[in-house]
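Worksheet: one structure, shown below.
The values are calculated or read from the model by the stated rules, or taken from the named source; none is laboratory data. All of these numbers come straight from a predicted model, not from anything done at the bench. Cβ placement follows ideal geometry from the backbone for every residue including glycine, while neighbour counts extend to all protein chains displayed.
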Amino acid sequence: MAQAGPAPERPRLDAAVLLLARALAALAAAAVAALAALVVASVVMRYALGAPFRFSEELAGLLLAMAAFLAMPLTVAADLNIRVTLLPDRLSPPARRALFVFGQLVLAAFGTVFLLEAWTLADFTMARNLKTEQARLVLAPWMIAMVAATALLALFAVWRALRPPPPPG
Amino acid sequence: QTIEWKFNNNYAPTRPESAHVRNFAKDLETATSGRFKITVLEGGAMNLRDADALRWMTIGTPEIAFNWPPFLGRDAPELANLYVYGSVSTAAEHLKALPALEQILAEGYNKAKIGVAGFMGLPIIDATLFCRQPVRSLDELKRVKLRVGTREQVETFKALGVAAQIVPQNELYSALQTGVVDCALYAARFAQSVSLHEVAKHATYTGFPFPPVPYVIMVNQAKHAALPADMKAALAAATARLKEASSDFGKDAAAEKDAREKLRAAGVTWHPDLAAADQEAIRKAALATWKTIAGEAGAAAVANRERILKALGRSD
Amino acid sequence: MVWTVLAGLLGVTVASGAVLGAALGLTGFAILHFFADGGTQLGVQAVWNVFNDFTLTAIPLFILLGDILVVSGLAGDVYKAMAPVFARMRGGLLHTNIAVCTVFGAVSGSSISVAALAGSVAYPELTKRGYDRAAVVGSLAGGGTLGLLIPPSLSLLIYGAITETSVGRLFLAGVVPGLAAAMLFMAWIWWSAGRNPALAPEEAPAMRLGRALVGMLRIWPLLLLIAAVLGTLFAGIATPTEAAGAGVAAAVLVGAVFGSLTLAKLGEALMSTVKTFAVIAVVFMGAIILAQSISVLGLPQQLLRTVSDLGIPPLAMLALVVLIYLGLGCLFDGLSMMIMTLPVVFPLLTGLGYDPVWLGVVVTIMIEVGMLTPPVGMNLFVLVGISGNSISLGDAARAALPYWFALMALVAIMVAVPGLATGLPDLVMGKR
Ligand code: NA
Ligand code: NA
């Protein structure tokens, strides 16, 4: 996969951002591995032993959510996201830069609204100590992971805005 | 001026509940000479899940909706397990508990800052085992894999020695078709709507209905408070008529018989109901589950369960 | 008013080159905030719900399955074995994309999963062999649509539940149109590669066809894998979602025994999977929020109700509904569009005499068409994500256009020959 990272202006901060993003993505990878193992184990439990897990469906869902959210900061840090660059590709470098900053602000604003509402949900979850319906898994840590991941998404968006835009595609 | 509200209905347009809601909307509009219009969005078109009702109902869009409390297992377990499958078996039993049920529900939804305009009756709907092969007793059920809809059903059947599990609704058809599960606990009245009869040709009634907890007609508190007094009264009157129209338990036996006939015509074999001893075993297991689940859900759930047991004239 | 705000915001944010998911999501948030009582929370809840959906676990699992085949070298071996045979055919290995999608369409109920699986194997291998990126992506995006047409099918299941139509009939009804679509897709590949051989520059080897066919026996580890996935499904061991997990387990085994899979390479495959999945998740997140904002306002239903009052003849009404699906299909992901529209479309069109089973297949095709239409086209997102952005969304959409036309042609054919859908169910289950 192409890693067209931004040119380093403050190399240590850039390295730290990438390191954090990669560490979270590694956690997400662990979640995918756990997800695969869980699905296989639950098939075996039901078919071979006639004793289905009662928590597999809910836990699988939570692992899926973690796989999605925890890897998101890396998509920003390493410029992996899908963009429509028809217009920016046709602009002069300064105009492209301005438009890029605007685009990053869109991402930061989106991340901020998302994290605030995710926090509302996490708060609701914690206040009532909510658990999943069947397996009674405590939900708060998973919700907080979503808040943290989207907070990083917004922060990284701002950090990325201060760096040069990716080259025309 | 004209008041326009959106009514969220997550049920398919073909369900009897949906017909009741459409009638309610028409009734209210007529009663207010068109000044109170309700647009019903059915079939889950608003993309709001029943399990999240306590969250979206405080926002303001939609203004009104109905909700079946057992779906609130995550957000309000003390309201979700007012009954379990096996708590009551007849309409007569259920009617004894109904006033207590409604009172608990109104208090509970209000505590979550949601208005309760009234209730819509849930019919007595028999819970039937639909199976790939004939399953006529608990003993035979112990040899196969059973799909149930809720966690308390899992616990009840597990206590009886049955391998019960929840399979998502979207995978039920394929799971029965290929034999991932052998049986599903389902309602004869709704079986045809999910084509259950095509993949499970043997039916045995378990002796118990699904928990007949009524549907709550929820309203957004702020939007309700902003209604003029006459519109509030019209809404209350229309909701009362909705409850009356939907709570005719006398029709349930005929509806069940009709559903069975239709399934029989579609190739389903009906076996005799589970024997009395099996039914007693289910009731006992269910009562124990009810107690366990209420205990897990906390003090409020325990108190609610006791109020209902008292209304039923039972102790445990 | 809402539509104006929607078009304006979406236009500005998307055109600015902002991360597409953020552009879609921020627009959705704005609509929820200004038109739905400040209900931005609904958008986040919808995302959480979808990301927690067990049936969607098949998406990362299928991507992982493909990545494992690639890192273990099995995918390379398999394509090398198939190349001498397919090189004799215009379009070469592009045809295998459609074949793989057809086979896995019989395993998975969703088109995103099928596109993800076929894409994660075929994209790296075929581009390495010099195939045109756009042609590869187009064939995979198109092929992915077979996931919903060939049973099992999530969209036909949901259609059945909302409309009380027999799921058995619906599943059977999807088979012939699904195979017809596959043939149309292959015909396009054949024709376009004939016009421009650079799309599929497979060199015909000197070996005889007989030897080439014998060489193809080397794909048997792949056949083993397919057998494992199909086997667990049809033997009733696993549900369609679980079959994806069984596929991963089989891929690990086959990759370790017959390929060069090591623990380090497995880790590499996992990292590659989460990168692809996260890119898809970001844009999916925005699409979900946008769809939530529109569905909670009931806008599609409003539009359709207006149309249904027009009182025009059945064929014109069908054409109009198809046109509305084309428009909505630009902005919405498949299943949400179906759930939003069916409560009006189903009674409207069956009331005009259209067969419910036939309609289920037509609506499914229209949903697939939407998955190929930008700016919100899930199959396109999946493939752009898999390509690591080495192809732009616009190019992917252009490459998928012929497949879009093929699906529209299929709808036209089904209008002329309704038996294409209803024939098989009538044959197997009897006439109703
Ligand atoms: Na399929
Ligand atoms: Na689209």
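Of note:
- The range B:165-177: number of residues that are under 21 Å from the mean Cα position of the chain (by Cα), surrounded by 20 or more Cβ atoms within 10 Å (Cβ to Cβ) and in a helix (DSSP H, G or I): 4
- Which numbered condition A:A25 fails, given (1) at pLDDT 95 or above; (2) more than 16 Å from the chain's Cα centre (by Cα): (2)
- Some residue of the range C:338-351 being within 16 Å of ligand 1 (Cβ to nearest atom) and under 22 Å from C:L172 (Cα atoms): yes
- Scanning the range C:1-47 for residues that are more than 7 Å from every other protein chain (Cβ to nearest Cβ), out of contact with any Gly (no Cβ under 6 Å at 6 or more places or on another chain), farther than 30 Å from A:P168 by Cα and assigned to a helix (DSSP H, G or I) yields C:V2, C:W3, C:T4, C:I31, C:H33, C:F34, C:F35, C:V47.
- Meets criteria (touching a helix residue (DSSP H, G or I) at 6+ places or on another chain (Cβ under 8 Å), more than 14 Å from every other protein chain (Cβ to nearest Cβ) and under 18 Å from C:V107 (Cβ atoms)) for C:A182: yes
- Considered as a group, the residues in the range B:78-95 that are touching a Lys or Arg at 6+ places or on another chain (Cβ under 8 Å) and not hydrophobic (A, V, I, L, M, F, W, C) include one that is nearest to A:T132 (Cα to Cα), and that residue is B:N81.
- Against the conditions (1) more than 20 Å from C:V382 (Cα to Cα); (2) assigned to a helix (DSSP H, G or I); (3) more than 8 Å from chain C (Cβ to nearest Cβ), A:A60 satisfies every one except (3).
- Residue tally, condition acidic (D, E) and either facing another protein chain (nearest Cβ under 7 Å) or closer than 16 Å to A:K131 by Cα (or both), over the range B:43-73: 1
- Residue under evaluation C:L225, criteria (1) away from ligand 1 (no atom under 14 Å from the Cβ); (2) under 30 Å from B:G44 (Cα atoms), criterion not met: (2)
- Single unsatisfied condition, C:F171 versus (1) surrounded by 24 or more Cβ atoms within 10 Å (Cβ to Cβ); (2) more than 13 Å from ligand 1 (Cβ to nearest atom); (3) modelled with pLDDT of 90 or more: (2)
- Looking across B:V144, B:V162, B:V116, one residue alone is under 22 Å from the mean Cα position of the chain (by Cα) and either within 14 Å of another protein chain (Cβ to nearest Cβ) or touching a residue at least 60 places away in the same chain (Cβ under 8 Å) (or both). It is B:V116.
- If you go through the range C:352-373 and pick out every residue that is away from ligand 1 (no atom under 16 Å from the Cβ) and either among the β-branched types (V, I, T) or under 19 Å from C:G142 (Cβ atoms) (or both), you end up with 7.
- Qualifying residue in the range A:34-48 (condition: of a type in the set (G, A, S), within 8 Å of chain C (Cβ to nearest Cβ) and crowded, with 17+ Cβ neighbours inside 10 Å): yes
- Filtering A:A78, A:A98, A:A71 for residues that are free of Cβ contacts under 8 Å to residues at least 24 places away in the same chain and either under 22 Å from C:L383 (Cα atoms) or more than 8 Å from every other protein chain (Cβ to nearest Cβ) (or both) leaves a single hit, A:A98.
Results for (1) among the charged types (D, E, K, R); (2) within 23 Å of B:V194 (Cα to Cα); (3) not in a helix (DSSP H, G or I), shown as yes or no for each residue.
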{"position": "B:M218", "(1), (2), (3)": "no, no, yes"}
{"position": "B:K223", "(1), (2), (3)": "yes, no, no"}
{"position": "B:T239", "(1), (2), (3)": "no, no, no"}
{"position": "B:A253", "(1), (2), (3)": "no, yes, no"}
{"position": "B:K257", "(1), (2), (3)": "yes, yes, no"}
{"position": "B:G267", "(1), (2), (3)": "no, yes, yes"}
{"position": "B:E280", "(1), (2), (3)": "yes, no, no"}
{"position": "B:K284", "(1), (2), (3)": "yes, no, no"}
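- Residues in the range B:1-24 that are more than 9 Å from every other protein chain (Cβ to nearest Cβ), of a type in the set (A, V, I, L, M) and under 26 Å from C:F332 (Cβ atoms): B:V21 alone.
- Condition met for A:E117 (acidic (D, E) and at pLDDT 95 or above): yes
- Residue list for the range C:109-146, filter: in a helix (DSSP H, G or I) and either within 14 Å of chain B (Cβ to nearest Cβ) or touching a strand residue (DSSP E or B) at 6+ places or on another chain (Cβ under 6 Å) (or both): C:S113
- Output for the range C:133-153, where each listed residue is away from ligand 2 (no atom under 16 Å from the Cβ) and touching a Gly at 6+ places or on another chain (Cβ under 9 Å): C:A135, C:V136, C:S139, C:L140, C:G143, C:L146, C:L149, C:I150, C:P151, C:P152, C:S153
- In the range B:14-36, the residues that are under 22 Å from B:W68 (Cβ atoms) form Cβ pairs under 6 Å with partners that are among the aromatic types (F, W, Y), at six or more places apart or across chains, as follows: B:E17/B:Y11; B:S18/B:Y11; B:L28/B:F36.
- Qualifying residue in the range C:156-167 (condition: surrounded by fewer than 23 Cβ atoms within 10 Å (Cβ to Cβ), away from ligand 2 (no atom under 16 Å from the Cβ) and farther than 30 Å from C:G351 by Cβ): no
- Residues located in the range A:117-169, provided they are under 17 Å from the mean Cα position of the chain (by Cα), surrounded by fewer than 17 Cβ atoms within 10 Å (Cβ to Cβ) and either at the interface with another protein chain (Cβ under 7 Å from one of its Cβ atoms) or under 30 Å from B:P70 (Cα atoms) (or both): A:P141, A:I144
- Unique match (being surrounded by fewer than 24 Cβ atoms within 10 Å (Cβ to Cβ), within 25 Å of the chain's Cα centre (by Cα) and away from chain B (no Cβ under 14 Å)) among C:M82, C:M89: C:M82
Condition check ((1) surrounded by fewer than 23 Cβ atoms within 10 Å (Cβ to Cβ); (2) in contact (Cβ under 8 Å) with a residue 12 or more places away in the chain; (3) away from ligand 1 (no atom under 15 Å from the Cβ); (4) among the aromatic types (F, W, Y)) across all residues:
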| site | (1), (2), (3), (4) |
| --- | --- |
| C:C101 | no, yes, no, no |
| C:A106 | yes, yes, no, no |
| C:S113 | no, yes, no, no |
| C:R133 | yes, yes, yes, no |
| C:V136 | no, yes, yes, no |
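- Residues that are surrounded by 18 or more Cβ atoms within 10 Å (Cβ to Cβ), among the aromatic types (F, W, Y) and in a helix (DSSP H, G or I) do not occur anywhere in the range A:101-108.
- Qualifying residue in the range A:89-105 (condition: basic (K, R) and under 19 Å from A:L24 (Cα atoms)): no
- Screening B:V181 with (1) part of a helix (DSSP H, G or I); (2) within 9 Å of chain C (Cβ to nearest Cβ); (3) modelled with pLDDT of 90 or more gives one miss only, at (1).
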